Amino acid sequence: MKTVTLKEFELKFDAFMDDIIENGCHYKITYGDGKAVMMIPYKEYELLLDTYQDWVEETKDSIEESF
């Protein structure tokens, strides 16, 4: 994973997008106040989607159990 600022990402957008799409690189894009977002190839997102859905369901179930 590579970390860049939002400004760097904006200035070199095409190069970063090519790196993500063609080389499968991951980027953490920071933009002040400790906030950040991730850019990952869609194929990897698809693999993680089931995990994300499981987390949502587990959280939903634990909230319902606490009431």
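Scanning region 23-67 for residues that are aliphatic (A, V, I, L, M) and touching a strand residue (DSSP E or B) at 6+ places or on another chain (Cβ under 9 Å) gives Ile29, Ala36, Val37, Met38, Met39, Ile40.
Every condition in (1) assigned to a loop (DSSP other than H, G, I, E, B); (2) surrounded by 10 or more Cβ atoms within 10 Å (Cβ to Cβ); (3) not aliphatic (A, V, I, L, M) is met by Glu8 except one, and the failing one is (1).
Scan region 22-34 for residues that are modelled with pLDDT of 95 or more and open to solvent by 80 Å² or more (accessible area, probe 1.4 Å) and the total you get is 2. Of the residues making up region 37-67, those that are assigned to a loop (DSSP other than H, G, I, E, B) and surrounded by 10 or more Cβ atoms within 10 Å (Cβ to Cβ) are Ile40, Pro41.
The values are calculated or read from the model by the stated rules, or taken from the named source; none is laboratory data. Not measured: the values here are computed from a predicted model. Positions of Cβ are backbone-derived with ideal geometry, glycine not excepted, and every protein chain shown enters the neighbour counts. Please note that ligands, DNA and RNA were not included when accessible areas were found on the heavy atoms of the full protein model with its side chains. Shrake-Rupley method; radii C 1.70, N 1.55, O 1.52, S 1.80 Å.
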